[in-house]
1. Filter the range 212-242 down to residues that are outside any helix (DSSP H, G or I) and aliphatic (A, V, I, L, M) and give me whichever is farthest from Lys27 (Cα to Cα).
2. Residues in the range 165-176: is at least one in contact (Cβ under 8 Å) with a residue 40 or more places away in the chain, more than 26 Å from Ala88 (Cα to Cα) and crowded, with 19+ Cβ neighbours inside 10 Å?
3. Can you work out which of the residues in the range 193-217 that are in contact with a helix residue (DSSP H, G or I) (Cβ under 6 Å, 6 or more places away or on another chain) and over 11 Å from Ala57 (Cβ atoms) is surrounded by the most Cβ atoms within 10 Å (Cβ to Cβ)?
4. So which pairs qualify, if the first residue must be in the range 229-253 and within 15 Å of Leu120 (Cβ to Cβ), the second must be at pLDDT below 80 and part of a helix (DSSP H, G or I), the Cβ gap must be under 6 Å, and the two must be at least 6 apart or on different chains?
5. Only residues that are in contact (Cβ under 8 Å) with a residue 24 or more places away in the chain and charged (D, E, K, R): list them for the range 177-209, please.
6. For the range 7-35, name all the residues that are of a type outside the set (D, E, K, R) and either surrounded by fewer than 19 Cβ atoms within 10 Å (Cβ to Cβ) or farther than 26 Å from Ser179 by Cα (or both).
7. What are the pairs with Cβ atoms under 8 angstrom where one residue, in the range 71-91, is at pLDDT 90 or above and the other, located anywhere, is outside any helix (DSSP H, G or I)? Sequence gap at least six, or different chains.
Amino acid sequence: MIDGATDLDLFSWAVIFTALALGGLLKGATGAGSPVVAVPVMAVFIDVRLAVILMAAPNLVTNSWQIVQYRHARLPDRFSLKFGLAGAFGAIVGTAILASVPQDALSILVAVSVVCYILLRLVRPGFRLPMPLAHKLVWPLGAISGVLQGAAGISAPVSVSFLNALGIPRDAFIVTVSSFFWAMAIVQIPTLFFVGLLTWDRMAISAVALIPLLLFMPVGNWIAARLSAKAFDTVVLALLAALAARLIYASLT
């Protein structure tokens with residue numbers, strides 16, 4: 001049984017299922033964000049580190065699914081591959097070197113950066129990062145995102161902000177961000193096994209967490225596919241705002 005979950009009642013399990021389902025909706029709609037919803041809710045009932053570990057299988061499978069589903073929209077010049085490789089490398093570096101960095105300070109730094117980006121987009125709604133410049137930034141920003149993931153599990157504010165600034169279509173956005181998170185999962189899972197945090201029993205429970213995610217991802221996809229490009233951009237900005245708020249709240253409490 002999962003640590004701390006032996007005494008959970010039916011209501012608690014229902015809440016966890018609902019959180020995973022909402023994570024599936026968000027993942028299907030934007031390609032990112034399922035752990036943002038699921039992990040904090042699960043952490044109310046079980047150890048927060050375990051909640052993160054149990055998202056290992058869902059992260060790998062759901063991102064694999066969306067890479068295949070949206071492969072037709074891959075950006076040219078292997079942009080997604082570069083972004084994913086940089087993120088995977090950064091995750092290794094972050095895990096090995098930056099694990100001792102104060103998490104609260106790191107979280108606030110990332111949150112402030114995201115808030116600045118959101119304010120920039122509100123003041124200059126037409127702001128876009130030119131693709132030639134994005135190709136130059138993909139390696140360093142991918143690596144920075146990976147380092148943040150390895151050190152504190154908070155890569156999305158940087159990686160999603162970067163991709164949102166490109167102004168690319170929804171399908172291209174999803175396949176790119178999914179490639180990035182897939183590469184991170186490929187690094188994370190064997191590392192968790194190596195350090196003894198992920199066992200086969202926990203992997204089996206992690207696989208069960210896939211069920212509500214996979215059930216509701218098509219629903220999120222159906223909803224978002226009917227949004228305009230402007231509405232999708234607004235949804236992503238709202239996700240970033242929620243991420244920033246969560247980071248600041250977690251750091252101050």
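1. Start the filter on the range 212-242 by keeping residues that are outside any helix (DSSP H, G or I), which leaves 225-228.
The next check asks that each one be aliphatic (A, V, I, L, M); those that pass are 225, 227.
Values: Ala225: 13, Leu227: 15 Å.
Among them, the one singled out is Leu227.
2. No - not one qualifying residue is present in the range 165-176.
3. Looking at the filtered set, the residue picked out is Met217.
4. Leu240/Val114; Ala244/Ala111; Ala244/Val114
5. Within the range 177-209, the first condition is being in contact (Cβ under 8 Å) with a residue 24 or more places away in the chain, and the residues that meet it are 177-189, 191-192, 197-198, 202-203, 205-207, 209.
The answer is Arg202, and nothing else.
6. Leu8, Leu10, Phe11, Ser12, Trp13, Ala14, Val15, Ile16, Phe17, Thr18
7. Ala73/Pro169; Leu75/Ile168; Ser80/Arg74; Gly87/Ser155
For (1) closer than 21 Å to Leu75 by Cα; (2) at pLDDT 80 or above; (3) out of contact with any Pro (no Cβ under 7 Å at 6 or more places or on another chain), each residue gets a yes or a no:
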position	(1), (2), (3)
Val110	no, no, no
Val115	no, yes, yes
Leu129	yes, yes, yes
Ala152	no, no, yes
Ala156	yes, no, yes
Phe162	yes, yes, yes
Arg170	yes, yes, yes
Ile186	no, yes, yes
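The values are calculated or read from the model by the stated rules, or taken from the named source; none is laboratory data. Since the model is a prediction, treat every value here as computed from it, not as a measurement. Heads up, the Cβs are rebuilt from the backbone with ideal geometry, glycines too, and the neighbour counts pull from every protein chain shown.
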